Amino acid sequence: MKKIILILSIAFIAQIATAQITKGTLQASGLTCSMCNLAIKKSLEKISFIDTIVPNVETASYELTFKEGTSVNLQEIKNAVEKAGFSVAQLSFTVNRKSLENLNNNTFTINGFTYNIISRLPINKANGTPSFYITDRGFLSEKKYKKFKSANKISENELIINIAQLL
Amino acid sequence: MRIYYSIILLFVINTLNAQELFVFTEPASNMAKGNLGFRMMNSVMKEIVGNGYNTHLMPEVMYGISSKWMIHAASFISNRNSSYVAEGGSFYVKHKFLNSDDVQKHFRMAAFARYSFNNADIHQDEINLIGHNSGYELGINATQLLHKVAISGGLSYLQAFNNGSKYEFPKSQSNQAMYYTLSFGKLMLPKKYKDYKQTNVNLMCELLGQTLVPNGKTYLDIAPSVQFIFLSKIRLDLAYRQQLLANLQRTAPNGFVFRFEYNFFNIY
């Protein structure tokens, strides 16, 4: 009986697991020195859904984890970098498996944001959870953005975040 | 003593790349939105006539309104006439209108305006809105960062006024000038970053020139400096300014400049 209850509990917990962005990596551009790097970190610290920030001063990149159960708005990360006076070179993130269970025409939805996968490998269950990076303007270099745009892959809908799988 | 402590407390931080945080010019980059900086500049210049030195103190506050706009306000205190006297102040606004970033690179351009007021006597041909003349300045600057090296150039127009009601601008002198600058900075240390606590050392060299309009009198100075950044937020500059050539009259062109800065993040 105990075993059955345990199995049912696990099944129930699995059921209520929601689609979620779990962590991210930000590569910033326009800076070299540690002072600028710190300015970006301080700007990121104001974002409520970010849990931890681990900076790499040498490469101007930041490993981010997000608070569980909060709505992650990746646009806010870009805004924070720009407020500090710099730009995003790449913003990648990892989602949990739940997010990818019901892919609809290569899109999935998390907390009201629709993510449109414009480039990906077959999402194989054995691969674990894939990482994606945002291909919209301002989330990567202008050159890379234009490349995606000229291939007609970018949806201009403001409510859709275009992403590509990080290889 | 209390003043001394206040001065120590004043000092800034910037969100700019340190190798472009020049001593005598501003780069096209701005501070981060919501950051507040304090700085104290102290110049000790040797008088050409006699053996005296004159000392200027310039406390300054800076604020990032947005990533594109920032403002400075400064006051000028000098002992040129025996004791320390507040002689004036200035307001400065800068608008970054072009920004092109890449990993460890950027090219930026900005337009700026300065308004200065001063009640000291006018004692030289040179127009100097940092502690000597009342007037305004309008200019543009452009800054290129290439990994550890930064190069910045500026061009501005200066218009001097009377210094208060007491000192009229001499009619025999030109009250307008073009001011042009070229600055180089290089991050020397650390060779490789590990954390925010490493002290950064930058070497800089600036060329500063002025030509009075319309009489064409000119000076050109060179100003090498070494800069230390502590804890990624405290900045200390040590600079020396030397006149290379001049056919206009100046009272104290050569000397040392010290500057200390501290920055507060996310204030508003």
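In this structure, does B:LYS96 turn out to be of a type in the set (D, E, K, R) and within 17 Å of B:MET70 (Cβ to Cβ)? Walk me through it before giving the result.
Values: of a type in the set (D, E, K, R): yes; within 17 Å of B:MET70 (Cβ to Cβ): yes.
Answer is yes for this residue.
No other residue among B:ARG114, B:ARG108 is within 14 Å of chain A (Cβ to nearest Cβ) and surrounded by 15 or more Cβ atoms within 10 Å (Cβ to Cβ) apart from B:ARG108. Output the residues belonging to the range B:164-186 that are among the hydroxyl-bearing types (Ser, Thr, Tyr) and touching a Leu at 6+ places or on another chain (Cβ under 8 Å). Within the range B:164-186, B:SER174, B:TYR179, B:TYR180, B:THR181, B:SER183 qualify.
Scoring B:GLY89 on the criteria (1) in contact with a Lys or Arg (Cβ under 9 Å, 6 or more places away or on another chain); (2) in a strand (DSSP E or B) leaves a single failure, condition (1). Of the residues screened, B:ILE234 is one that is within 14 Å of chain A (Cβ to nearest Cβ), open to solvent by less than 50 Å² (accessible area, probe 1.4 Å), out of contact with any helix residue (DSSP H, G or I) (no Cβ under 9 Å at 6 or more places or on another chain) and modelled with pLDDT under 95. Pairing each residue of the range A:55-81 that is in contact (Cβ under 8 Å) with a residue 24 or more places away in the chain and at positive phi with any residue that is polar (S, T, N, Q) and open to solvent by less than 30 Å² (accessible area, probe 1.4 Å), provided the two are 6+ apart or on different chains, yields C-beta distances under 8 Å for A:ALA60/A:SER29; A:ALA60/A:THR32; A:ALA60/A:ASN37. Only a single criterion out of (1) crowded, with 16+ Cβ neighbours inside 10 Å; (2) closer than 27 Å to B:MET188 by Cα; (3) without any contact (Cβ under 8 Å) to a residue 12 or more places away in the chain is not satisfied by B:ASN128, namely (2).
Mind checking which residues of the range B:62-80 are part of a loop (DSSP other than H, G, I, E, B) and either of a type outside the set (Ser, Thr, Tyr) or buried (at least 20 other Cβ atoms within 10 Å of the Cβ) (or both)?
First, the residues of the range B:62-80 that are part of a loop (DSSP other than H, G, I, E, B): B:65-68, B:79-80.
Hits for the range B:62-80 are B:ILE65, B:SER67, B:LYS68, B:ASN79, B:ARG80.
The residue pairs whose first member lies in the range A:26-38 and is touching a residue at least 60 places away in the same chain (Cβ under 8 Å), whose second member is open to solvent by 10 Å² or more (accessible area, probe 1.4 Å), and whose beta carbons are closer than 6 Å, counting only pairs six or more residues apart or on different chains, are A:GLN27/A:SER61; A:GLN27/A:ALA89; A:GLN27/A:GLN90; A:SER29/A:SER87; A:SER29/A:ALA89; A:SER29/B:ASP101; A:SER29/B:ASP102; A:SER29/B:VAL103.
One residue alone among B:LEU208, B:LEU189, B:LEU146, B:LEU203 is modelled with pLDDT of 95 or more and either open to solvent by 60 Å² or more (accessible area, probe 1.4 Å) or within 13 Å of another protein chain (Cβ to nearest Cβ) (or both), and that residue is B:LEU203.
Scan the range B:81-97 residue by residue and report those that are within 14 Å of another protein chain (Cβ to nearest Cβ) and either surrounded by 14 or more Cβ atoms within 10 Å (Cβ to Cβ) or in contact (Cβ under 8 Å) with a residue 60 or more places away in the chain (or both).
So the first thing to find is which residues in the range B:81-97 are within 14 Å of another protein chain (Cβ to nearest Cβ), and the list is B:94-97.
Once the filter is applied, which keeps residues that are within 14 Å of another protein chain (Cβ to nearest Cβ) and either surrounded by 14 or more Cβ atoms within 10 Å (Cβ to Cβ) or in contact (Cβ under 8 Å) with a residue 60 or more places away in the chain (or both), the range B:81-97 yields B:LYS94, B:HIS95, B:LYS96.
Is it true that some residue in the range A:64-86 is modelled with pLDDT under 90, touching a strand residue (DSSP E or B) at 6+ places or on another chain (Cβ under 9 Å) and over 30 Å from B:ALA32 (Cβ atoms)? No, the range A:64-86 contains no residue that is modelled with pLDDT under 90, touching a strand residue (DSSP E or B) at 6+ places or on another chain (Cβ under 9 Å) and over 30 Å from B:ALA32 (Cβ atoms).
The values are calculated or read from the model by the stated rules, or taken from the named source; none is laboratory data. Here the structure is a predicted model, which means the values were calculated and not measured. Note that each Cβ is placed from the backbone with ideal geometry, even for glycine, and that neighbours are counted across all protein chains shown. Remember, those area values only see protein heavy atoms, side chains included, never the ligands or the DNA or RNA. Shrake-Rupley method; radii C 1.70, N 1.55, O 1.52, S 1.80 Å.
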